[in-house]
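Quick note: the coordinates plus some simple rules give every number you see, no bench work behind them. Keep in mind that this is a model prediction, so the values were computed, not measured. So basically every Cβ, Gly included, is an ideal-geometry build from the backbone, and we count neighbours across all protein chains shown.
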Amino acid sequence: MHYHKYRLIIPFLLPAILLYGIFVVWPYAQAIYISLTSWKGVSGNRPFVGLDNYQRLWEDERFREALTRNGQLLIVLPLVTIAIALTFAALFTQGSQRVRGAGFYRVIFFFPQIIPAVIVGILWSYIYTPNVGLLNGILRAVNLEGVTRPWLTDPGTVLWAIVAVAIWSSVGFYMVIFLASMQTIPTSFYEAAILDGGNRWTSFKDITFPLIWETIRTSVIYLAIFALDFFILIVVVSGGSTTMGARRAEVAALYLYNQAFDSSRWGYASAIGVVLLVLTLLLSVGIMRVTRRETYEF
Amino acid sequence: MNVDIIRPVEEIAPLAGPRIAGERRGAGTLTFSLLSQILLAFWALLVIFPFVWMIITSLKTDPEILSSPWSFPAALQWDNFSRAWTQAHIGRFFINTMIVLAGSLTGTLLVSAMAAYVLARFVFPGRQLIFYGFLAGLMFPVFLALVPLYFLVNDLHLLATFQGLILVYIAYSLPFTIFFLTAFFKTLPTELGEAAILDGASQYQIFFQIMLPLARPGLVAMGIFNFLGQWNQFLLPLVLMPSEEKYLLSQGLYFLAVQQGYQNDYGALFAAMVISIVPTLIVYVLFQRRLESGLTAGALKG
């Protein structure tokens, strides 16, 4: 059967390898090289400066601030998203009593996940608008005038207002993942737990949670990477990559984007990218190790 | 709506329920289900309300929008939609996006299917290396490649062209699609191909006439997955499509939103947003079940 197999293998693999090599592998490889140059502006001149960009990044206060925000996201985004998603998933499937309208809720909750980030972002930027926005409108309607504020320019709220949008749109996705994982648990496990006098909480804690641990762990990694890559929503919700709101919520990826496409500092921007890549890899490996538990076969 | 999704659990689960438990648990369960209903209804409202508000706002006049976010339109301003389509160029951006997606989706599926088939069905030196090479692409953040990609596409004279964007979309969709389809082709029976060989079919005929049709469920799943991913793509067009004539939808919307500060046509902006979620909405309604499993498949395998 495999007599002339290379006549098939080579032409079948070639288009994928070429496209992937040219447009994916090559740019990544180049990014690492560019990060070692002080290339800026429109000139094709790329003077090699070694680790100079990294040295400057190390001392760059603005970069440190941006990374601190990423650090905050790294804790809040996975924790809150998974907590809400897990609660809903547990309400749907776990234990005996089923929730009425579960199918309907599931369709609704998942919906924001498929809406383009740009539309979600523009929509929420109008919800947060100070004078005619929906949020301040609601707050005034329920006599909470004191709570109203310019959500997207107040340095204390802008980042969290945008993070709330990210959580709002991701909860449904993770809920569906958890649901699918929970549905593989045999119901006899829960029956046994009830016979043993367990209640809803203990059966969640002792059965559901350990048995879907692998899925939770994967979700933590996904959300951690999301927290490090976070930036499109900031640009769209705050109305541009260089607006005051965006500056006050600036995370590392946004700093990279502005250094590259606003200031044309290609070398420096690429160094930020390489640092972020290394952090992503370290973080993934780190989370894998920290969250390793005995897995249960069933 | 799609109630059948959770039917299996609904049917089996009640067996375990309150019959075994005593009276007190019955009362507790009631409180619990009431609380969960409130919680779920609250979140559902939180999700739906912004979209409903968006649709209502898209039918208001600008003074109405600016005077109160709550009011309903005095008269439905369908004109907002025609202004969005023509003056705000959403119609053109829409067609641009269709052109790019027609090319990139076909390309993604064909190129990935060919590579995945070979990787799944043949043994040859370097196979593992190539497979993991593609897989590694899932780890890398796109923005790291943005700067070199911009100059590369520029050097190839593909900046601000549909062809350039199509090729880049295909390239960045390959890792996950190949990963998914390789697993899929491995599950297909080998006997059919072997029988066809005995009948004198060429390897090409086997692939196009036997394997590709058999792989349809996998191709459909990846088609939907990539449709959403590419339709929603923002960063790549933002960098690679600097010509306003050829803006894609999400990019065009973004610039429209940014420009509102000067031009003040909020009605048209909201109408434009409504127009742009229609295709996604159609795909969601038609393929809700498959789309969910397609989008979540990667996470569950991990």
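Compactness ratio of the range B:162-220: Cα Rg over 2.2 N^0.38 Å, N = residue count?
Numbers: Rg = 14.5 Å, N = 59, 2.2 N^0.38 = 10.4 Å.
Its radius of gyration relative to the 2.2 N^0.38 Å reference: 1.40.
With the highest mean first, a sort of the peptides B:190-196, B:151-157, B:271-277, A:180-186 on other beta-carbon atoms found within 10 angstrom per residue produces B:271-277, A:180-186, B:151-157, B:190-196.
Taken over the Cα atoms of the range B:167-302, the convex hull encloses 147 Å³ per residue.
Among B:210-216, B:97-103, how do they line up from the highest to the lowest mean number of other beta-carbon atoms within 10 Å? Intermediate values should be presented prior to the final figure.
Values: B:210-216: 15.6, B:97-103: 18.1.
In decreasing order of mean packing, B:210-216, B:97-103 become B:97-103, B:210-216.
Here the relative contact order of the range A:1-71, from alpha carbon pairs under 8 Å that lie six or more residues apart, stands at 16 percent.
How high is the FRET efficiency between B:Gln37 and B:Asp62 when r is their beta carbon distance and R₀ equals 25 Å, given to the nearest 0.05?
FRET efficiency, B:Gln37 to B:Asp62: 0.05.
Projecting the Cα positions of A:Leu86, A:Asn70, A:Ala164 onto the charge dipole of the range A:37-177 (unit charges on Cβ atoms of Lys, Arg, Asp and Glu, taken about the Cα centre) puts A:Leu86 furthest along the positive direction. Compute log10 of I(q)/I(0) for the range A:140-223 with the Debye formula, placing one identical point scatterer on every Cα and leaving out solvent, at q = 0.21, 0.25, 0.27 Å⁻¹, to two decimals. For the range A:140-223, the Cα-only Debye profile gives -0.98, -1.19, -1.26.
Peptide B:130-143 has a mean of 5 when you count, residue by residue, the C-beta atoms of other protein chains within 10 Å of its C-beta.
Per the Debye calculation on chain B with a single equal scatterer at every Cα and no solvent contribution, log₁₀ I(q)/I(0) for q = 0.07, 0.15, 0.16 Å⁻¹ amounts to -0.43, -1.22, -1.29. Over all distinct Cα-Cα pairs of the range A:170-298, the Kirkwood formula returns a hydrodynamic radius of 17.8 Å. Could you tell me which residue out of A:Leu228, B:Val52, A:Ile119 lies farthest along the dipole of the protein assembly as shown toward its positive end? Charges go on the beta carbon: Lys and Arg +1, Asp and Glu -1, centred on the Cα centre. Of the options given, the answer is A:Leu228. For chain A, complete DSSP H runs whose alpha carbons reach 18 Å or more along their own long axis and whose mean Kyte-Doolittle score is 0.0 or higher are A:5-20, A:61-93, A:102-114, A:158-182, A:213-229, A:266-290.
Evaluate peptide A:31-39: per residue, the Cβ atoms of other protein chains within 10 Å of its Cβ; return the mean as an integer.
2
State which helices in chain B qualify, where a helix is a whole DSSP H run, it must extend 18 Å or more along its own axis by its Cα atoms, and its mean Kyte-Doolittle hydropathy must be at least 0.0. All intermediate terms of the calculation are to be shown ahead of the outcome.
Numbers: long enough: B:23-57 (50 Å, 1.36); B:90-121 (45 Å, 1.40); B:142-155 (19 Å, 1.81); B:162-187 (36 Å, 1.48); B:216-231 (21 Å, 0.65); B:249-263 (20 Å, 0.13); B:266-301 (43 Å, 1.15).
TM-like helix candidates: B:23-57, B:90-121, B:142-155, B:162-187, B:216-231, B:249-263, B:266-301.
Cross-link partners for A:Lys205 among the lysines, with Cα-Cα distance under 28 Å and sequence neighbours closer than 8 places in the same chain left out: B:Lys301. Each 5 Å bin from zero up to the one holding the largest Cα-Cα distance in the range A:4-139 carries the following percent of pairs: 2, 7, 7, 8, 10, 12, 11, 11, 11, 10, 7, 3, 1, 1, 0. The calculated P(r) of the range B:71-123, using every Cα pair and 5 Å bins from 0, goes 5, 15, 12, 11, 10, 10, 8, 8, 7, 5, 4, 3, 1, 1 in percent. Legend: calculated FRET efficiency, A:Met288 to B:Asp79, from the Cβ-Cβ distance at R0 = 60 Å, rounded to 0.05, equals 0.60. Computed log10 I(q)/I(0) for chain A at 0.11, 0.14 Å⁻¹: -0.88, -1.15, from the Debye equation with unit scatterers placed on every C-alpha and solvent omitted.
For the peptide A:238-247, the mean number of other protein chain Cβ atoms found within 10 angstrom of a residue's Cβ is 1. Over 18 Å apart: what share of the alpha carbon pairs of the range B:42-158 falls there, rounded to a whole percent? I get 76 percent for the Cα pairs in the range B:42-158 exceeding 18 Å. Shape analysis of the range B:227-281 places it in the oblate category; the axes a ≥ b ≥ c from the Cα gyration tensor give an a/c of at least 1.5, with a/b not above b/c. Take the Cα radius of gyration of the range A:241-298 and divide it by 2.2 N^0.38 Å, N being the number of residues; the result is 1.67.
When only alpha carbons of the protein assembly as shown are considered, Rg and Dmax amount to 25.7, 81 Å.
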